[in-house]
Amino acid sequence: MSVTDTEVLIIGAGGAGTSAALHLAQRGVPCVLLERGLVGGQASGVNYGGVRQQGRHPAELPIARRSMALWHRLVEIAGTDAEFTVSGHLKLARTPEEEAELVAYLDVARAYDLPLRLVGRNALHVDYPWLGPKVIAGSLAPEDGAANPRLLVPALARAARAAGAVIEEHAKVTELAFDGTLFQVAAGERRWRAAWLLNTAGFWGGTVAAAFDEAVPVQPLSPNMMVTEPIRYFIEPNLGVVGGNVYLRQIPRGNVIIGGGHGVSDPAVPWSRPAAEETRAAMALATALVPSLAGACVIRSWSGIDGEMPDHIPVIGPSRTTPRLIHAFGFSGHGFQLGPGVGAILSELVLDGATDVPLAPFDIGRWTARAA
Amino acid sequence: MKVAVVGAGPAGVRAVEQLVAAGLTPLWLDEAPDGGGRIYQRPPAQLSRDARRLYGFEAKRATALHATLDALKAHADWRPNTLVWHIDPHRRRLEVLSAGTQATLDFDAALLCTGAMDRVVPVPGWTRPGVTTLGAAQIALKTQGCAIGDKVVLLGTGPLLWLLAYQYLKAGARPAAVLDTTAFAHKARHAPGLLAGGAVFWKGLYYMAAVRAAGVPVYEGVRPRAITGAGDQVSGLAFETARGAARTLACDAVALGWGLKPEAQLADLAGVPFRFDADQHNWLPERDIAGRTPVPGIYLAGDGAGIGGADVAERAGARAALALLEDTGRPVPQDTVAALDAALARLAGFRTALERTFPFPADLARAVPDATLVCRCEAITAGDLRAAGGTPATGTARELNRAKAFTRLGMGRCQGRVCGPAGAEILAAALNREVAAIGRLRGQPPVKPVPLAEAAE
Ligand SMILES: Cc1cc2nc3c(=O)[nH]c(=O)nc-3n(C[C@H](O)[C@H](O)[C@H](O)COP(=O)(O)OP(=O)(O)OC[C@H]3O[C@@H](n4cnc5c(N)ncnc54)[C@H](O)[C@@H]3O)c2cc1C
Ligand SMILES: Cc1cc2nc3c(=O)[nH]c(=O)nc-3n(C[C@H](O)[C@H](O)[C@H](O)COP(=O)(O)OP(=O)(O)OC[C@H]3O[C@@H](n4cnc5c(N)ncnc54)[C@H](O)[C@@H]3O)c2cc1C
C-alpha cells in the first residue's frame, strides 16, 4: 500500500479546513486536505449564510474581526465574492428584558471596536416600517451581512488547489494514529503521513479528538431552515432576535431565507432533515416579526449538522495529548462567518507557533482536563 | 391499523378498494378537488360533459373507476383538496395542507399513488405565454372544454402527443400540425414489440391514422428550433424537417412534451432509494412488482412508481394494497394476487417496447442553445449550466446537485420537477458523462409551495 508524505494533513473541508489549506499553501507549505464527501458539503455549505459579528460571545469577537477582513478580500482571495453583501445585521427585541440585553451588549461591542447602534422603538418603526408591532427595539451592526454558503468553500478550495494544496474528496478518514513523530492517516486503501494534523472535521471533530484520547462533549446541532419564493425586495438587513428563536434575511433576487428551531439528523450517515413542526413554528415567528411575509410561499426547507459545545463556543487550539495536533471544531451553529479567519489562525499556529488572537477560552483542556 | 393512501387516480382508487374490502378505513388524500387522477380527471361539478365525449374509448373505464371512487368515499377518511407536502417515514407522519389549514396526520403504512407529470425539453421561446405542456393542454380540454389557441401546434413524442391530437380533432379544435421528434422509420421498426399491448396498441395506431386521415399536417423526425413571437404572443414554430430543411409553421399556441416522469418526491422524502431506468430514461424509486419499497411501511403504485399507464396503475394499486395487507398478517386472495402479478409482468414488457418506440430525445436536450432558459423559476439558462460544468470560480460541478448548489437550477417553485431532466442532460453533456452518472436532484420538503400565512395564528 502506497503512502503519501506531506507536511500538514487536514481532516474536513468545511470553511475552517479549506481556509487553512489555502493559507498554508499560500505560504508554500505542502498540505493535503481530506474530505469525506464534497468540499463544503456539510455545515459550511448548507447554513443560513449569516456573516454576523453582533451578538457573539466576546471571546469570539477577535476571530470574527479578523475573519471579516478576509470576507472583504474574498474576490481577490477566491475569485468570487460568494454573494457576500454588507447589509447590516439588525437584532430585535420584543420585550423589555430583550431590550436590556441589547443595551448590555453595546459595552461588549465597544470593547472590541465593533460598530453597533441602538435603534429605539419610534426610529425603528420609521426606518423599518414593515416590522411588526411587537418589536420594541433593535440594534444595528452596519458592518455585518450575509453570503451564499454554497459558493464559499468550493471557491476557497479552488484557490487552495491553485496555490498548491492537495484536496482529496470522497476520502473518509477511517484510521488515525501518531507514532511519536508522524501522524498516520488512512482513508480506505489510501494512506498519508505528516508531521502536523489539523482537526477541522466539524461535528465529527469530536471523533477525531477522541482518537487521540481527548473526547469532548460535542453534540449534533441541526438548525431548521426554509426559503420562500422570490417576493418584492424590501428587507435589507439580516434580521435576528434576542434569544435566536427566529432569524431571516432577504436576498436582492427576492427570496426570504428563514431559520428557527431544530431539525433532525443522524451524523453517522450523515443525514439531516428539517422538522415540520419546527418549520411551522418558525413560520409563525417570522410573520410576527414581519407581518407582510404572510402569504409568501415556502418552496424549500432543509437542515444540516454542526457540532455544538455545551458552552456554545468552539474548540480551537493545540491538543493537550499530542504534539503538532491542532483542533478547530464544534462551532456551535455560528462558524460560517468565522471559517476564513480560523483557517488563517491555524496556518499561523503551524508556521509561526503563535497567533494574534487569544485562544485560551477555546482550549480543549476545558473539557478534557476536568475529566482527567 | 391506519393506512394512508396518497392519490385518487386509477392506482389510488384500486388500492383503496382492496383496503376497504379487507375491512380497513384508510386515510385517503388527494390535492385535487376530486378523484380520477390524470387520465380520468373530472371537470368541475358545474361543467357537466358527457363521459363519451370526455374520455373517448376510455369512457367505460372512466365511468367504472368514477363509480368505484364515489362508492368508496364513504368508507374511507376521504380528504380531497389536500396536499401532502411532507412525509416522515420514521415517525410515520404526513404533513398536509387542506383548504389553507395545516395538519399533521399519523399513519402505520402509506401507499403512495402520486402519478406522473409531463417531461419537457426547453425550446427557445418555450416560456412564452401560449406554450403549455401536452398534459396541461389536455387538462384544459378535459376539465374546461377549451383549446389553448385557435391554431395549435402539438410537439413532442409519445402516446400522449397522438392521443391529444385525436382528442383535439374530436372536440372540433383541429390542430394546426403535429410534430413528432421520433422518425416514422424508428416507430415502424419498434412496432412489433408493441403487439403485446393488444387493444392499447391498436388504439394508438387508430389515433395516428385518424389524425392523418383528417388532413392534419404531420411531420416526423423533426428537430424544433424556436417558438417565435412578439411580446406575449406566439406566432410560429421553426423547426428542421427529417431531411434537414428549415421550416416555419404559423400558430398561436404550442403544446409540447416528451413522455412522462414520475411524481416521486414523496417516495424520495420517505427515503426510498432511486435507480436510473435506461428505457424510461427516468430515475425510478425502487420497489418490487407488488409495490414494496426497501423502506418499511412505504408502498408505491401507479405512474409515480414508474410510468406504466392507466391499466398498469389500476392493477398496481390493487396489488400494492394486497402486499400491504399480506405484510401485516391479513389473509389475501392468492388467485387475485397471481392474476395481478401475471398481468403486471405482461404489461411491463409492453411498456418497455413503448418507451423504445418513443424515446426521450436526449440529444435535443443536450443541444439546447446557451441563451435558452432551462430553469424558469430561477432564470437559469443552458449556458449557465454549461458554465457550472466548466471551470467557474467554485470549481467544476461534476454532479447535478452540485450544479444546483452553484447555479440554483431546480431551487425554485417547482423544485426541479420541470427543469430536472433537461438540466441533467445539459450538464452531463458539458461534463462528457453519462446522465445516470451525475445523479438526480435531491428532494426537499415541501413537495409543493406552502404559504407562510397559514401558520401565523
Ligand atoms: C443549518 C445551519 C445554519 C447555520 N447558520 C449559520 C449562520 O448563519 N452563520 C454562521 O456563522 N454559522 C452558521 N451555522 C454554523 C456554521 O455553518 C458552522 O459552524 C460551520 O460551517 C462549521 O464549519 P466546519 O468547517 O467546522 O464544519 P463543516 O462545514 O461541517 O466541515 C467539516 C467537514 O469535515 C468532514 N469530515 C468529517 N469527518 C470526516 C472524516 N472522518 N474524514 C474526512 N472528512 C470528514 C465533513 O464531511 C465536513 O465536510 C449554521 C449551521 C447549520 C447546520
Ligand atoms: C397531464 C397528464 C395527462 C394524462 N393523460 C392521459 C390520458 O389521457 N390517457 C392515458 O392513458 N394516460 C394519461 N396520462 C398518464 C397517466 O399518468 C396514467 O394514465 C394514469 O393516470 C396514472 O394513474 P395514477 O393513479 O398512477 O396517477 P394519477 O392519475 O396521476 O393520479 C395521481 C393522483 O395523486 C394526486 N397527488 C399527487 N401528489 C400528491 C400529493 N403530494 N398530495 C396529494 N395528492 C397528490 C394527484 O392530484 C392525482 O389525483 C396522463 C398523464 C399526465 C401527467
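Laboratory data are not the source of any read-out in this text; all were calculated from the coordinates shown. If you're wondering where the values come from, they're calculated on a predicted model, not measured in any experiment. Neighbour counts run over all protein chains shown; Cβ positions are idealised from the backbone, glycine included.
Might you check whether a residue that is more than 16 Å from ligand 2 (Cβ to nearest atom) and more than 22 Å from the chain's Cα centre (by Cα) occurs anywhere in region A:303-320?
Yes; the residues of region A:303-320 include at least one that is more than 16 Å from ligand 2 (Cβ to nearest atom) and more than 22 Å from the chain's Cα centre (by Cα).
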TODO: Find all pairs meeting these conditions: Cβ atoms under 7 angstrom apart; at least six residues apart or on different chains; first residue within region B:421-445 and under 13 Å from B:F274 (Cα atoms); second residue among the basic types (K, R) and in a helix (DSSP H, G or I).
DONE: B:L441/B:K404
Open item on the list: Of the conditions (1) buried (at least 20 other Cβ atoms within 10 Å of the Cβ); (2) aliphatic (A, V, I, L, M); (3) within 16 Å of ligand 1 (Cβ to nearest atom), A:L359 satisfies every one except a single condition; which number is it?
Closed with: (1)
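Given the structure, is A:T322 in contact (Cβ under 8 Å) with a residue 24 or more places away in the chain, more than 16 Å from ligand 1 (Cβ to nearest atom) and more than 14 Å from chain B (Cβ to nearest Cβ)?
Taking the combined requirement at face value, the residue satisfies it.
Let's see how each residue does on (1) within 12 Å of ligand 1 (Cβ to nearest atom); (2) of a type outside the set (G, A, S); (3) crowded, with 21+ Cβ neighbours inside 10 Å; (4) closer than 20 Å to A:I231 by Cα:
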{"residue": "A:D266", "(1), (2), (3), (4)": "no, yes, no, no"}
{"residue": "A:P270", "(1), (2), (3), (4)": "yes, yes, no, no"}
{"residue": "A:R273", "(1), (2), (3), (4)": "yes, yes, yes, no"}
{"residue": "A:M283", "(1), (2), (3), (4)": "no, yes, yes, yes"}
{"residue": "A:A296", "(1), (2), (3), (4)": "no, no, yes, yes"}
{"residue": "A:G304", "(1), (2), (3), (4)": "yes, no, yes, no"}
{"residue": "A:E308", "(1), (2), (3), (4)": "yes, yes, no, no"}
{"residue": "A:H312", "(1), (2), (3), (4)": "yes, yes, no, no"}
Open item on the list: Filter region A:227-265 down to the residues that are facing chain B (nearest Cβ under 10 Å) and farther than 24 Å from A:P129 by Cα and list them by number.
Closed with: A:V264
TODO: Give the number of residues within region A:16-42 that are within 8 Å of ligand 1 (Cβ to nearest atom), away from chain B (no Cβ under 14 Å) and within 28 Å of A:I257 (Cβ to Cβ).
DONE: 3
Open item on the list: Are there helices (runs of 4 or more DSSP H) fully within region B:103-197 with at least 1 residues that are more than 21 Å from the chain's Cα centre (by Cα)? List them.
Closed with: B:159-170, B:184-194
Task: Residue list for region B:268-285, restricted to those being part of a loop (DSSP other than H, G, I, E, B) and free of Cβ contacts under 8 Å to residues at least 60 places away in the same chain - done: B:V272, B:P273
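Yes/no matrix, rows are residues, columns are (1) touching a residue at least 60 places away in the same chain (Cβ under 8 Å); (2) assigned to a strand (DSSP E or B):
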| residue | (1), (2) |
| --- | --- |
| B:M208 | no, no |
| B:V234 | yes, yes |
| B:L237 | yes, yes |
| B:R287 | no, no |
| B:P294 | no, no |
| B:I307 | yes, no |
| B:A321 | yes, no |
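Each row is one residue, and each column tells you yes or no for (1) of a type in the set (D, E); (2) within 20 Å of the chain's Cα centre (by Cα); (3) crowded, with 24+ Cβ neighbours inside 10 Å.
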position	(1), (2), (3)
B:C251	no, no, yes
B:A267	no, yes, yes
B:P273	no, yes, no
B:A313	no, yes, yes
- [ ] Tell me which residues, restricted to region A:109-127, are part of a strand (DSSP E or B) and touching a residue at least 24 places away in the same chain (Cβ under 8 Å).
- [x] A:R117, A:V119
Task: Residues of region B:220-232 satisfying the condition of being under 27 Å from the mean Cα position of the chain (by Cα) and assigned to a strand (DSSP E or B) - done: B:E220, B:R223, B:P224, B:R225, B:A226, B:I227, B:T228
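Would you mind stating whether A:L70 is assigned to a helix (DSSP H, G or I), surrounded by fewer than 23 Cβ atoms within 10 Å (Cβ to Cβ) and within 15 Å of ligand 1 (Cβ to nearest atom)?
Answer is yes for this residue.
Do you know which of the residues in region A:271-299 that are of a type in the set (D, E, K, R) and in contact (Cβ under 8 Å) with a residue 24 or more places away in the chain is nearest to the other protein chains (Cβ to nearest Cβ)?
A:R273
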Open item on the list: For region A:199-216: of the residues being in contact (Cβ under 8 Å) with a residue 40 or more places away in the chain and more than 11 Å from ligand 1 (Cβ to nearest atom), which is nearest to A:T18 (Cα to Cα)?
Closed with: A:A209
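Given the options B:T372, B:T407, B:T352, name the one that is among the hydroxyl-bearing types (S, T, Y) and within 14 Å of another protein chain (Cβ to nearest Cβ).
Testing whether each residue is among the hydroxyl-bearing types (S, T, Y) and within 14 Å of another protein chain (Cβ to nearest Cβ) leaves just B:T407.
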- [ ] Look through region A:251-280, keep the residues that are in contact with a strand residue (DSSP E or B) (Cβ under 8 Å, 6 or more places away or on another chain) and small (G, A, S), and return whichever of them is nearest to A:G145 (Cα to Cα).
- [x] A:G259
TODO: Mind counting the residues in region B:381-396 that are touching a residue at least 40 places away in the same chain (Cβ under 8 Å) and closer than 12 Å to B:P122 by Cβ?
DONE: 2
